[in-house]
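The values are calculated or read from the model by the stated rules, or taken from the named source; none is laboratory data. Not measured: the values here are computed from a predicted model. When we count neighbours, we look across all protein chains shown, and the Cβ atoms used for this are built from the backbone with ideal geometry, even at glycine. Side chains are part of the model used for accessible areas, which takes the heavy atoms of the whole protein and leaves out ligands, DNA and RNA. Shrake-Rupley method; radii C 1.70, N 1.55, O 1.52, S 1.80 Å.
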Amino acid sequence: MKLFAIFGNPVSHSVSPLMHNFAIKNFSLDACYTRYLLEDGEKLRECFFALNLSGVNVTVPHKEAAFKACDEVRGIAKEIEAVNTIVKEGDRLIGYNTDAPGFYESIKEFEAKKVLILGAGGTAKAISLYLRTKGFDVTILNRSRERLSFFKDKGFKVFSWEDFEISSFDMIVNTTSAGLENDSFPVKEEILRELFKEASYCVDVIYNKNTPFLNLAEEFSLKKKDGKEMLLYQGVIAFEYFFSHSFSKEEITENMLKAFE
Ligand code: NDP
């Protein structure tokens, strides 16, 4: 039997085991997906082999450690320098980033070109780099300057709250954790109101919560989305890697959706 897991800290809240096990059961695979509280990211590789795993997903705060733990990193994960999916190939660990294409899959129906990303953390890195490969014009706005250097070095237009000049964007994406455990906006409300006047789409990567950011977007009748579909599609793409692309995206999606019912 093949064993898969999600590594994270905390990890008890993760819906990934449910998503993957629904699909495993439906495809009658001899496999199981569990969760593992990994406290020390340095031990990721050791744990992977000790538990005799075939693959893992990796969540906060170990995505950078996962990048370092792999023998080979493929695709956009190399640029993002963060891995959320590891697959064992022989004795080697191969790393991928499925958050980035997962986000794209969730918004590809939106006819946006100019995108403003709020926040400059790991999720912002994944989303901005991937959207650029798909031809989007991406600008980053972050509360402080420190984290902006990564994006500046990669050639993105970057602003902190101090030097931001409002202009027009088609889609505004919140990748900060503002609104997750409190009622704060990811950027000052008056700035957000100006941005929403011009925008058509609004996405928050936070899921299972109507954040103040998404509530405000409703006032402006924007098309909006929370992070649920991003979560779903990162899982679908990971499952494709785990089982060597043996099933269609549509079938996997249909099965994993049951985890949200
Ligand atoms: P990081 O900790 O890497 O980055 C946090 C960023 O948010 C920083 O740029 C920080 O700014 C900014 N920030 C934090 N608090 C505030 C605030 N109150 N106001 C304004 N800016 C703020 O986080 P991640 O990128 O790892 O995760 C961000 C969010 O994405 C989380 O809520 C997480 O749950 C969600 N997520 C969702 C996924 C999905 O599948 N839907 C997948 C992965 C993540 P500064 O630099 O100034 O500190």
Can you find a residue in region 93-107 that is touching a helix residue (DSSP H, G or I) at 6+ places or on another chain (Cβ under 9 Å), surrounded by fewer than 20 Cβ atoms within 10 Å (Cβ to Cβ), modelled with pLDDT of 95 or more and not in a helix (DSSP H, G or I)? yes
Under 8 Å between Cβ atoms, at least 6 apart or on separate chains: pull out the pairs that start in region 112-130 with a residue that is of a type in the set (D, E, K, R) and end on any residue that is open to solvent by 10 Å² or more (accessible area, probe 1.4 Å) and in a helix (DSSP H, G or I). 125/150
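Using the structure shown, decide if residue 258 is touching a residue at least 24 places away in the same chain (Cβ under 8 Å) and in contact with a strand residue (DSSP E or B) (Cβ under 8 Å, 6 or more places away or on another chain). Break it down stepwise before answering.
On the way: touching a residue at least 24 places away in the same chain (Cβ under 8 Å): yes; in contact with a strand residue (DSSP E or B) (Cβ under 8 Å, 6 or more places away or on another chain): no.
No, not satisfied.
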Only one of (1) assigned to a loop (DSSP other than H, G, I, E, B); (2) open to solvent by less than 20 Å² (accessible area, probe 1.4 Å); (3) outside the structural domain of residue 42 (by TED's automatic domain parsing) is not met by residue 135, so which one is it? (2)
Within region 139-157, the residues that are in contact (Cβ under 8 Å) with a residue 24 or more places away in the chain and over 22 Å from residue 63 (Cα atoms) are 139, 141, 143, 156
Which of the residues belonging to region 227-257 are closer than 23 Å to residue 204 by Cα, open to solvent by less than 50 Å² (accessible area, probe 1.4 Å) and not aliphatic (A, V, I, L, M)? 227, 233, 234, 235, 253
Do you know which of the residues in region 194-213 that are without any contact (Cβ under 8 Å) to a residue 24 or more places away in the chain and away from the ligand (no atom under 13 Å from the Cβ) is most open to solvent (accessible area, probe 1.4 Å)? 197
Tally the residues that are aliphatic (A, V, I, L, M), within 15 Å of the ligand (Cβ to nearest atom) and either open to solvent by less than 20 Å² (accessible area, probe 1.4 Å) or within 16 Å of the chain's Cα centre (by Cα) (or both), restricting the search to region 139-171. 3
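Quick one: which helices (runs of 4 or more DSSP H) sit completely within region 1-76 and have at least 2 residues that are surrounded by 15 or more Cβ atoms within 10 Å (Cβ to Cβ) and touching a Cys at 6+ places or on another chain (Cβ under 9 Å)?
Values: elements: 16-26, 44-50, 63-69.
Counting at least 2 such residues, we get 16-26.
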Looking at region 172-193, which of its residues are basic (Lys, Arg) and either open to solvent by less than 20 Å² (accessible area, probe 1.4 Å) or within 13 Å of the ligand (Cβ to nearest atom) (or both)? 188
